[in-house]
1. State which residue is most open to solvent (accessible area, probe 1.4 Å) when the search covers only region B:275-302 and only residues that are under 30 Å from B:Asp330 (Cβ atoms) and free of Cβ contacts under 8 Å to residues at least 40 places away in the same chain.
2. Give me the residue from region A:95-150 that is in a helix (DSSP H, G or I) and facing chain B (nearest Cβ under 9 Å) and, out of that set, least open to solvent (accessible area, probe 1.4 Å).
3. If you go through region A:553-607 one residue at a time, how many are of a type in the set (D, E, K, R) and more than 30 Å from B:Asp99 (Cβ to Cβ)?
4. If I go through region B:45-69 residue by residue, how many of them are open to solvent by 20 Å² or more (accessible area, probe 1.4 Å) and in contact with a strand residue (DSSP E or B) (Cβ under 8 Å, 6 or more places away or on another chain)?
5. Count, please, the residues in region A:586-604 that happen to be within 7 Å of chain B (Cβ to nearest Cβ) and open to solvent by less than 10 Å² (accessible area, probe 1.4 Å).
6. Filter region A:200-228 down to the residues that are surrounded by fewer than 16 Cβ atoms within 10 Å (Cβ to Cβ) and within 20 Å of A:Asp160 (Cβ to Cβ), then identify the one that is nearest to the other protein chains (Cβ to nearest Cβ).
7. Considering region A:379-398 alone, what residues qualify as being of a type in the set (Ser, Thr, Tyr) and either at positive phi or within 11 Å of another protein chain (Cβ to nearest Cβ) (or both)?
8. For a quick check of your reading of the model, give me the residue pairs whose first member lies in region A:504-526 and is more than 21 Å from A:Met426 (Cβ to Cβ), whose second is open to solvent by 30 Å² or more (accessible area, probe 1.4 Å) and of a type in the set (Lys, Arg), with beta-carbon atoms closer than 6 Å and at least 6 apart or on different chains.
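The values are calculated or read from the model by the stated rules, or taken from the named source; none is laboratory data. In this text, all values refer to a predicted model and were calculated from it rather than measured experimentally. Neighbour counts are summed over all protein chains in view; Cβ atoms, including those assigned to glycine, are modelled from backbone coordinates with ideal geometry. All accessible areas refer to the heavy atoms of the entire protein, side chains included, with ligands and DNA or RNA removed. Shrake-Rupley method; radii C 1.70, N 1.55, O 1.52, S 1.80 Å.
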Number of protein chains: 2
Amino acid sequence: MSTSLSALQNAATQLRIDSVRSTTAAGTGHPTTCLSAADIVATLFFDEMRFDAKNPRDPDNDRFILSKGHAAPVLYAAWAAAGLFPREELLKLRQIGSDLEGHPTPRLSFVDVATGSLGQGICAAIGTALNARRIGSAYRTYVLCGDGEMAEGSVWEAADVALLHKLDNLCGIIDVNGLGQSQDTQFGHEMELIAARWRAFGWHTMVADGHDIPALQKAFAEARATKGRPSMVLARTLKGKGLAAIEGKSGWHGKALKKGEEADAAVAELQKRMTGDAKLELTIEGPRSKSRPDARPDYSKMPAPAYAKGDSIATREAWGAGLAAVGKFDSRVVALDADVKNSTFSDKFEKVAPERFFQSFIAEQVMVGAAMGLAARGAIPFPSTFACFLTRASDFVRMGGVSFSNVKYSGSHCGVSIGEDGPSQMALEDLAMMRSVPGCAVLYPCDAMSTERLVVEMTRREGMAYMRTSRPKTPVIYGPDETFPIGGSKVLRQSDSDTATVIAAGVTVFESLKAYDQLKSEGISIRVIDAYSVQPIDAKTMLDAAKATRGNVITVEDHYATGGLGDAVSEAVAEGGFAVRRLAVREIPRSGQPDELIDRYGISARHIVDAVRRAAGASR
Amino acid sequence: MSTSLSALQNAATQLRIDSVRSTTAAGTGHPTTCLSAADIVATLFFDEMRFDAKNPRDPDNDRFILSKGHAAPVLYAAWAAAGLFPREELLKLRQIGSDLEGHPTPRLSFVDVATGSLGQGICAAIGTALNARRIGSAYRTYVLCGDGEMAEGSVWEAADVALLHKLDNLCGIIDVNGLGQSQDTQFGHEMELIAARWRAFGWHTMVADGHDIPALQKAFAEARATKGRPSMVLARTLKGKGLAAIEGKSGWHGKALKKGEEADAAVAELQKRMTGDAKLELTIEGPRSKSRPDARPDYSKMPAPAYAKGDSIATREAWGAGLAAVGKFDSRVVALDADVKNSTFSDKFEKVAPERFFQSFIAEQVMVGAAMGLAARGAIPFPSTFACFLTRASDFVRMGGVSFSNVKYSGSHCGVSIGEDGPSQMALEDLAMMRSVPGCAVLYPCDAMSTERLVVEMTRREGMAYMRTSRPKTPVIYGPDETFPIGGSKVLRQSDSDTATVIAAGVTVFESLKAYDQLKSEGISIRVIDAYSVQPIDAKTMLDAAKATRGNVITVEDHYATGGLGDAVSEAVAEGGFAVRRLAVREIPRSGQPDELIDRYGISARHIVDAVRRAAGASR
């Protein structure tokens, strides 16, 4: 049993009507891009895709990702037509009390990742397609893109990676309506010119009339039959299709039709397209397979890391070891690399779980986008690269926040302590970037023991997390019995007569300990805190320390002065009316040896000693 | 007169020797990627390119951009061979006292943009090529890329935009050595597979043996003869070429040869490749043309903006008007758009200077990268899009900082005040991103008058700058006689009995003024400051206000609490021991009406009034 052609055509018409009505009710939005996509969406939802419409989260449902997120109203209309919620809900589009937001977000059960920043949905689709392999499911992933978004480089990163992984369970559709926001797209309706690109990138590429439902059905069937590579359907469409005064015309991007005559006439014009008795007898077939639910291992049974105090090991290497350990322990854990696995040590994971290790080559955007897709389907993805190159995926990280994605980022080689490679390879803004995502745990351990423990913590904790690791080897200072809760800190030195509190993380912990020793030899005692959890920060410990040390609070970090540890501590102690003196990097650094640079840019023991002396002098 | 083949071959050998010697002296670095590129670099520098080797900054010199920045030693060796500095300098590679850093930066006179983050140099090359048109110069741009970096989507953004602008003065070369950092590249030496992509993207594409100098000469000549589109030379090479034990082998990425036997044997092996009497009789022809120097207009003669107090106009629109005004006044000013010109109002510039308006379509990375290239050659580029989508180019912004690029960014539609479009379109981390670049001026005006004045200020001031603009209309509150120096602020309300200082910017200025009125009616007076210059912040005014209001300092911003106005003020007043209470957005927002959202997320007048009351209560 399947949906008849006339029912599909009517369904498409109903999607158009609902898209016009909802955007007009909202007074804002994008009806015309919905109209170009309506036949594609109707064919996918009510003929091609297999899913349980009552349970959008079913792990074996085919996935639909709306990469052109501004067409949200047609997506919402499709789920209303599928029976998930009453059609009248659509008229609450973009209202503060409704989850039917201007662009789709996973507040809605049927949305895997937030879209609305173009060129991202197709990257996430790589992730949902990879996840089908992880869980052994036959579900397929469909991703609907706009033609304008092909200008985004991330789309071509996705093209490469989908080919690399031979994702024949992935079908892309590009709604080629030829119109961008402000003018015609670069290639308009030159379908063969666009097709040549996808063919050159190795995809099975088809061109179809995007308003011809049988032609779309044929293309989707051909995609299903294609093995060993992804498929792309280039659908020629008209923006505003169905409304004679608007279709194919510039100047209508992002404009709702006006309430009253304009919208009423449009709805009436669309109604006339209904065939037969205008009924919608829609059939949706259930999932293609039934996979086993993910196991959730008991993390309390994980063995402790085997480091001895005094061992010398870089936190990046301990991160790799921790990743391999959780990877062995939990089949939901996957790792993604951007061709630096031998520097970040994610290759330790590859050795223990090669089938869950995904190479992206030097393409950070698709690496992060794929991680978002994987996370949406129950995997616990760890994308990693040099911390500075995570900025390449900053917009994906941002949208991962909007998606509430359970992604565990790691960035290695942070700060000037990397040394000779110079500023292009130094992350000095990654804490600011990651702290800018509400709810993201931001971790910055100083030794191997705390690093491995925190890898476990970030895996167990639901939600986005980031771990910053360092290139140089550092001594292990924590024993196997220490715990490192997210939101905690470690007071490493304290006495009843502390003059100042020095709060550090990562390599500056060791500079602070050196400063402690030097000051102690001069009869000055200070409190030293390892703030391994930069977000959430351990506000109580920081406040207590500030109170105990006459408000002399000094932070020191291998990061720029903006948005990092200093600012985090500053807000924490502001509750008590205390201010913070921030030692941080304040100019573009240059190449040199790590110790030279740490000193030159003001974050070495010598500078901490000076700051303590100044603070002590000022508060005397 | 031209360099003989044997001299070119010897020059290539010398580049190899110098690359080995300098990296061995440094003890770190990337010799093997230099060895694969040596014949290409020798052919370009000593046969193809035309430039004044004594004056690398000559505006009519052919440009060479090393997109594969880790091959820096071969670039440095080429300039030493060209006579710019003594060869012995090369042995200072990567030392803190030398500008010969691990990756190239514009501290060196012959480097236009810092590279080392892959996939960026080719974007900058678009900018230098566009600049040749702007100044009417015949110079050509050559950009040398690695094959690994083709995985970066930004490369394909550049491919599109170069075709769009028909940049036949641009010649790319890809050093296809088939080896990435951690493993083989995705396509190895499958030259035709790679060529198919460039052909599909419309470039004149040639395949050559990258170690065959006559073949390279022929390809470069063919590129020069190609009109109406850019050219790409795919050069098949071996990583480590010239050293039998290493060439074409994995495992040698980023490894310097060991001092002593290993390096000595390598140098001896290379020396044997010298032909004839091993002399380097190198000829470098001068520039192809002589262009007129850029005019530098007298900005004091610019007419004042024509707004009247009380006019209602969005700052984004005033930014567009200001951009058009400086564009008319100064031919160095260029604008770049990512298909949102009718929302950001950069289309006002397009109307007055269409020949200096460059469309990038929805490709923010190449837009920013091209701006960096333009800036390197004397243009004053204004790339703009929605502020949230500037995060797409975050790594380019970062590298623009490392490049000390004179780029003037603008991001519109900041904050929750955009309303119904929802979180994917709201920039709530852009201040943090831009403040993370040392020296970047970060401006956030609240009305049209200050906006236009600040556009002029940011144009005149050398160095990177960012202006954040808002979607909603706001009233003009400043008259034509007000000045807005970068680093300044405006005290809008004050008295001798102020209870607290409220520091705002953009839309929250008006919320603060509402709060002032309400509190005043209750007999409470507050100081209100418009901190239009978020970086540098007006520390003196902030400190004075903090002192005058018993340390009750409240910031309020349409931005997340991390890295924005609150943190900037916090560091400024920390000098006086004062703490800051930050009103800011603290969760992922949703769709709704602007006023609803401003209130829901805690930054409306009501919340300011509450914060003032709490502060006043606490300090009583």
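1. Restricting to residues being under 30 Å from B:Asp330 (Cβ atoms) and free of Cβ contacts under 8 Å to residues at least 40 places away in the same chain, the top hit is B:Arg296.
2. So the first thing to find is which residues in region A:95-150 are in a helix (DSSP H, G or I), and the list is A:121-135, A:148-150.
Checking which are facing chain B (nearest Cβ under 9 Å) leaves us with A:148-150.
Numbers: A:Gly148: 19, A:Glu149: 3, A:Met150: 19 Å².
Among those that are in a helix (DSSP H, G or I) and facing chain B (nearest Cβ under 9 Å), it is A:Glu149.
3. Of the residues in region A:553-607, the ones of a type in the set (D, E, K, R) are A:557-558, A:567, A:571, A:575, A:581-582, A:586-587, A:590, A:595-596, A:599-600, A:606.
Add one more test, that the residue is more than 30 Å from B:Asp99 (Cβ to Cβ), and what stays is A:567, A:571, A:575, A:581.
Total satisfying the criteria: 4.
4. The number of residues fulfilling the criteria is 2.
5. 2
6. Selected residue: A:Gly228.
7. A:Thr385, A:Thr391, A:Ser394, listed by residue number.
8. Every condition considered, the pairs that remain are A:Tyr516/A:Arg493.
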